There are 2 protein chains.
Amino acid sequence: MNPILEIFSQGEEVVTGQTVDTNAAWLSEQVVNMGFTVTRHTAVGDKLDDLTALLREISVRADCCICTGGLGPTSDDLTAEAVAKAFGLPLEFDEVAFEQIQRFFARRNRVMPESNRKQAMFPKGAERIDNAWGTAPGFSLRAGRCWFAFVPGVPSEMRHLFLESIGPTLASRFLLRPDKLITIRTFGLGESAIQQRISAIEIPAQVQLGFRASSDDVQTKLLFPHDYPEAALTALVGKVAAELGDNVFAIDGLGQTSGDLVFTVDQLMTTGKHTMAVVETASQGLLAAKCIGKDWLLETRYEQSLERLCQKLGVTVNINDLPATAQAIAGEIHKTGTADFVLIQLYSGDKQAFHDKELAINLHNTLLTKDGFFQAAGSVAGPIERKQNQAALLALDFLRRYLQQKEL
Amino acid sequence: MNPILEIFSQGEEVVTGQTVDTNAAWLSEQVVNMGFTVTRHTAVGDKLDDLTALLREISVRADCCICTGGLGPTSDDLTAEAVAKAFGLPLEFDEVAFEQIQRFFARRNRVMPESNRKQAMFPKGAERIDNAWGTAPGFSLRAGRCWFAFVPGVPSEMRHLFLESIGPTLASRFLLRPDKLITIRTFGLGESAIQQRISAIEIPAQVQLGFRASSDDVQTKLLFPHDYPEAALTALVGKVAAELGDNVFAIDGLGQTSGDLVFTVDQLMTTGKHTMAVVETASQGLLAAKCIGKDWLLETRYEQSLERLCQKLGVTVNINDLPATAQAIAGEIHKTGTADFVLIQLYSGDKQAFHDKELAINLHNTLLTKDGFFQAAGSVAGPIERKQNQAALLALDFLRRYLQQKEL
């Protein structure tokens with residue numbers, strides 16, 4: 001039997017629907033992968049009685065509970081107080097936590113408001129969880145049957161604290177036999193297209209198949225029991241990946257470090273010692289923004305008017321021949337710059353089509369490398385933010401395919 | 001006192017984190033606006049005992065509960081069975097529901113699998129909720145203190161059923177007096193700094209004060225009872241906004257359309273008929289990306305090396321005097337372009353400081369308009385993505401302040 005874990009989210013913004021509780025899903029996925037069985041998620045608002053009642057319920061029902069939110073400095077942040085009340089523990093001042101909070105403000109040249117002192121008060125017996133990413137330290141505590149960990153609700157801080165502190169602690173505190181999760185990440189195929197492609201593959205009953213579509217990729221998930229034979233696992237993953245072909249940009253869970261599309265592109269560009277200059281239109285800066293801090297991205301430019309960009313570069317624009325225009329722009333940028341790759345991301349379709357979620361635009365990507373010009377086109381519909389995001393991803397995926405010598 | 005409502009989501013995909021429960025937030029927002037107080041969200045998996053225990057808990061705790069999921073045809077869809085068991089009611093076959101399910105398949109020229117018959121079985125005393133958007137009808141039922149509505153978990157079906165059936169039913173069943181929510185949006189002040197600034201203002205006990213910090217702004221929320229006098233509401237909101245001063249960029253709930261910082265900047269730029277060219281460094285394209293589809297943004301460029309950018313523009317770079325360098329760049333871009341505003345977003349601090357979450361970088365914004373040069377500096381620490389985002393926002397907020405003639 002796996003140990004039972006519950007997720008508890010605190011905040012009026014969650015129960016009133018101002019915030020979608022993405023923390024609960026993210027944490028659940030992490031702990032399920034570790035070998036816990038998650039039985040409940042509960043969210044309550046900033047009311048002391050609701051909080052204490054829930055803490056007591058969970059303390060007799062679960063082996064472990066991760067609680068997010070309610071650790072801030074303001075009067076509606078009640079977690080520590082609720083824990084103290086629920087389990088009859090006095091609140092105690094933690095000198096080290098207080099110093100950390102003060103340092104957080106000092107590093108930013110800001111004066112610590114008096115209200116932040118509250119964040120250094122923990123229930124007696126609690127262990128502090130240091131937080132290098134925000135002002136609020138977390139804490140952990142055993143009560144009844146349950147080991148509780150309390151962390152801030154800000155997603156970035158919560159994730160850091162889980163990955164660097166709570167996760168490792170859980171692994172040492174509990175006897176876990178995790179199932180093995182393999183995630184095949186693709187770009188360019190929808191969920192139903194993937195399902196159709198792999199429909200002929202026989203998936204054994206003890207292997208769970210699932211899908212997850214996000215704005216940046218579609219993930220095909222295979223969950224294997226902890227004692228599933230290694231060779232059979234590798235063979236099945238290989239079969240599925242083969243059906244998805246060149247759309248696969250990463251496979252998580254097979255031992256190599258992997259990540260999102262930018263991660264894959266970054267590895268390829270760094271390994272190949274390439275540098276790149278970009279021109280963006282539909283993505284309007286988002287391609288460069290996604291590559292934050294990557295040394296190989298030397299420059300990007302966005303110009304609303306393609307005519308003006310061409311004029312500045314001294315290139316002839318032909319609005320009816322975007323591939324030729326893109327080649328001319330790429331050639332000019334290559335000549336005057338130092339990057340060995342030039343990527344031009346253009347689109348055709350009028351302004352109305354770009355803004356209207358019912359209409360599609362056509363995307364044209366052109367890549368200039370030492371091997372010459374490479375081009376590919378695609379089309380995207382939906383809200384303007386989706387078009388922007390897909391334009392950035394399609395261009396990056398085009399680059400990935402070139403670097404991996406896949407079909408463009 | 002508002003009636004108490006709880007949200008209950010059923011599904012293994014929710015508790016295991018495969019699916020983010022967006023239904024709960026959407027439903028909560030709807031019912032809070034109608035005048036309910038939402039006290040809890042709970043999600044449980046497809047286990048009969050967990051489901052019956054939760055149903056019984058809620059039946060003594062809440063006046064109303066909306067439950068999503070578990071109405072499908074498969075063996076793990078247990079809602080009707082759990083309701084029957086929890087409240088000692090036999091399951092009864094509903095002829096009309098069965099005909100609807102058969103019609104759904106007939107219209108799609110598909111044969112109804114035998115398993116779908118189960119979806120026409122409801123606990124005795126339940127009222128059917130017709131579903132024109134999928135196979136599974138919902139149902140409602142009073143048990144103990146609570147009126148329950150059970151609907152499918154597919155978001156599109158759930159939303160239709162709520163808007164067209166459950167919402168109107170709730171409005172007629174409950175005496176509702178919705179509260180009035182005012183949200184004051186600020187940039188540049190932390191949650192605790194805000195609390196300190198407004199600490200001298202006396203907030204009447206019947207007004208709820210709350211805060212919500214996201215990566216893009218901090219929201220100060222004032223929730224007024226439905227019968228709070230209009231003049232007193234306006235006066236209190238005015239007092240709070242005055243303490244937050246020039247950091248306030250929008251106030252939601254007072255009748256005018258409002259939105260995020262980009263929305264405010266967009267309105268100001270459009271009203272003033274301005275256009276703008278941007279140079280980004282730390283934000284690396286994100287400033288432009290946030291302004292997707294805004295006509296007044298004519299161009300952005302990002303160049304990793306400030307030296308190379310200056311070289312291309314024929315401008316002398318002085319790394320020790322960023323304000324002077326920014327002025328020179330802005331002047332050159334203004335001369336050769338058509339935009340009436342030029343915004344230069346630079347930062348000082350070496351590459352290591354940019355990447356290291358423990359270190360801060362200094363941001364320098366320069367705006368050139370017909371009134372001359374305006375400059376402001378700030379500092380930001382944290383992970384590189386946070387520095388990038390803050391750099392983009394700080395530059396946009398600087399522009400907003402100039403346009404609103406606030407302190408820069």
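Each value in this text was obtained by applying a stated rule to the coordinates, not by laboratory testing. All of these numbers come straight from a predicted model, not from anything done at the bench. All Cβ positions, even for glycine, are placed from backbone atoms using ideal geometry, and neighbour counts span all protein chains on display.
Give the cross-link partners of B:Lys273 among the lysines, using a straight C-alpha distance below 16 Å as the criterion and excluding same-chain residues fewer than 8 apart.
Output for B:Lys273: B:Lys294, B:Lys370.
Please give, to one decimal in nm, the separation of the simple spin-label points placed at B:Val111 and A:Thr270, each 7 Å out from Cα toward the Cβ.
About 5.6 nm separates the two model spin labels.
With the cut-off at 30 Å, report for chain B the share of all Cα pairs above it, as a whole percent.
57 percent
What number, in nm² with one decimal, is the all-direction average of the projected area of the convex hull of the alpha-carbon atoms of segment A:192-234?
Seen from a random direction, the Cα hull of segment A:192-234 projects 3.7 nm² on average.
Could you list B:Thr325, B:Thr336 so that the one with the fewest beta carbons within 10 Å of its beta carbon is first and the one with the most is last?
B:Thr336, B:Thr325
Between segment A:161-204 and segment A:10-35, what is the C-alpha centre distance in whole Å?
So the separation of the two Cα centres works out to 18 Å.
For B:Glu407, place a label point 7 Å from Cα along the Cα-to-Cβ direction in every copy; what are the distances to the other copies, in nm, shortest first?
Label point to label point, same position, other copies: 6.3 nm.
So what are the three principal axis dimensions of segment B:299-356 from its Cα atoms, in whole Å, longest to shortest?
The Cα atoms of segment B:299-356 stretch 38, 21, 18 Å along the principal axes, largest first.
Let me know the mean shielding of B:220-226 by other chains, meaning the per-residue number of their Cβ atoms within 10 Å of its Cβ.
The shielding value for this peptide is 1.
Based only on other Cβ atoms within 10 Å, what is the fewest-to-most ordering of B:Thr281, B:Thr271, B:Thr37?
In increasing order of surrounding Cβ atoms, one gets B:Thr271, B:Thr37, B:Thr281.
Could you tell me the calculated FRET efficiency between A:His226 and B:Lys357, based on Cβ-Cβ distance and R0 = 30 angstrom, to the nearest 0.05?
FRET efficiency, A:His226 to B:Lys357: 0.30.
Which value in deg cm²/dmol, rounded to the nearest 500, describes the helix-derived mean residue ellipticity at 222 nm for chain A, given -39,500 (n - 2.57) per DSSP H run of n ≥ 4 and division by the residue count?
That calculation yields -11000 deg cm²/dmol at 222 nm.
Quick one: Cα centre-to-centre distance for segment B:279-300 and segment A:309-331, in angstrom?
Distance between centres, Cα-based: 22 Å.
7 Å from Cα along Cα→Cβ at both B:Gln256 and B:Arg173: what's the point-to-point distance in nm?
Result: 4.1 nm between the two label points.
Calculate, axis by axis, the spread of Cα positions in segment B:67-195 along the three principal axes, and write the results as whole Å, longest axis first.
Reported extents, whole Å, longest axis first: 62, 37, 28.
Testing the spin-label approximation: label points 7 Å from Cα along Cα→Cβ at B:Lys180 and A:Lys312. State their distance in nm.
In this crude spin-label approximation the distance works out to 4.9 nm.
I need the semi-axes of the equivalent ellipsoid of segment A:242-328: take the C-alpha gyration tensor, multiply each eigenvalue by 5, square-root it, list largest first in whole angstrom.
32, 16, 11
Loop-only trypsin sites (Lys or Arg not before Pro) in segment A:121-216, please: DSSP not H, G, I, E or B, and at most 12 other Cβ atoms within 10 Å.
A:Lys124
Give the percent of DSSP beta bridges with both residues in chain B that are antiparallel, rounded to the nearest 5.
Bridges in chain B that DSSP calls antiparallel: roughly 60 percent.
When you count, for each residue, the other Cβ atoms within 10 Å and take the mean per peptide, how do B:368-375, B:22-29, B:116-123 rank with the highest first?
Going by the mean number of other Cβ atoms within 10 Å, highest first, we get B:22-29, B:116-123, B:368-375.
How far apart are the B:Lys370 label points across copies, placing each 7 Å from Cα toward Cβ, in nm, shortest first?
Output for B:Lys370: 5.2 nm, nearest copy listed first.
Rounded, prolate or oblate: which one fits segment B:255-408, using the alpha carbon gyration tensor with axes a ≥ b ≥ c (rounded when a/c is under 1.5, else prolate when a/b beats b/c, else oblate)?
The shape class here is oblate.
Where the centroid of each part is defined by its Cα atoms, how far is segment B:240-268 from segment B:59-100 in Å?
Their Cα centres are 45 Å away from one another.
Would you mind calculating the relative contact order of chain A from Cα pairs under 8 angstrom and at least 6 residues apart, reporting the percent as a whole number?
11 percent
Taking 22 Å as R0, compute the FRET efficiency from the Cβ-Cβ separation of B:Lys124 and B:Ala53 and round it to 0.05.
The formula returns an efficiency of 0.55 here.
What gaps in nm, shortest first, separate B:Ala53 from its twins in the other copies when you place the label 7 Å past Cα toward the beta carbon?
1.7
Using R₀ = 41 Å, calculate the FRET efficiency as 1/(1 + (r/R₀)^6) where r is the Cβ-Cβ separation of B:Glu95 and A:Gln208; round to 0.05.
Calculated value: 0.65.
Where in chain A are the helices, taken as whole DSSP H runs, whose Cα atoms extend 27 angstrom or more along the long axis and whose Kyte-Doolittle mean reaches at least -1.0?
Length and hydropathy pass: A:384-403.
Positive end of the dipole of chain B, charges at C-beta (+1 Lys, Arg; -1 Asp, Glu), about the Cα centre: which of B:Phe187, B:Leu254, B:Ala86 has its Cα farthest in that direction?
B:Leu254
Lysines within cross-link reach of B:Lys312: Cα-Cα under 20 Å, excluding same-chain residues under 8 positions apart?
Within reach: A:Lys312, A:Lys335, B:Lys335.
Roughly how crowded by other chains is peptide A:43-53, in terms of the mean Cβ count from those chains within 10 Å of each of its Cβ atoms?
Shielding by partners across A:43-53 averages 3.
Return the average number of partner chain Cβ atoms within 10 angstrom of each residue Cβ along peptide A:75-87.
1
What is the Cα coordinate range of the protein assembly as shown on the first, second and third principal axes, sorted by size from largest, in whole angstrom?
Sorted from largest, the Cα extents of the protein assembly as shown read 83, 68, 52 Å.
Using DSSP, restrict attention to beta bridges with both residues in the protein assembly as shown and report what percent are antiparallel, rounded to the nearest 5.
65 percent
Say the dipole of segment B:335-375 comes from +1 at the beta carbon of Lys and Arg and -1 at that of Asp and Glu; which of B:Ile361, B:Tyr347, B:Phe373 then lies farthest toward its positive end?
The residue sitting farthest along the positive end of the dipole is B:Phe373.
Based on the Cα coordinates of segment A:180-258, what is the per residue volume of their convex hull in Å³?
87 Å³
Which residue, A:Val32, A:Val96, A:Val279, has the most motion in a Gaussian network model of chain A that connects Cα atoms within less than 10 Å?
Answer for the Gaussian network model of chain A: A:Val96.
Need the list of lysines near B:Lys47 for cross-linking: C-alpha distance under 21 angstrom, and skip anything on the same chain fewer than eight residues off.
Hits, sequence-local ones excluded: B:Lys85, B:Lys118.
Could you give the radius of gyration (one decimal) and Dmax (whole number) of the Cα atoms in segment A:17-96, in Å?
Over segment A:17-96's Cα set, Rg and Dmax evaluate to 13.9, 37 Å.
Measure up A:Lys221/A:Lys290; A:Lys290/B:Lys357; A:Lys290/B:Lys351; A:Lys387/B:Lys351 against 21 Å on the Cα-Cα distance and list the ones that go over.
Result: A:Lys221/A:Lys290; A:Lys387/B:Lys351 exceed 21 Å.
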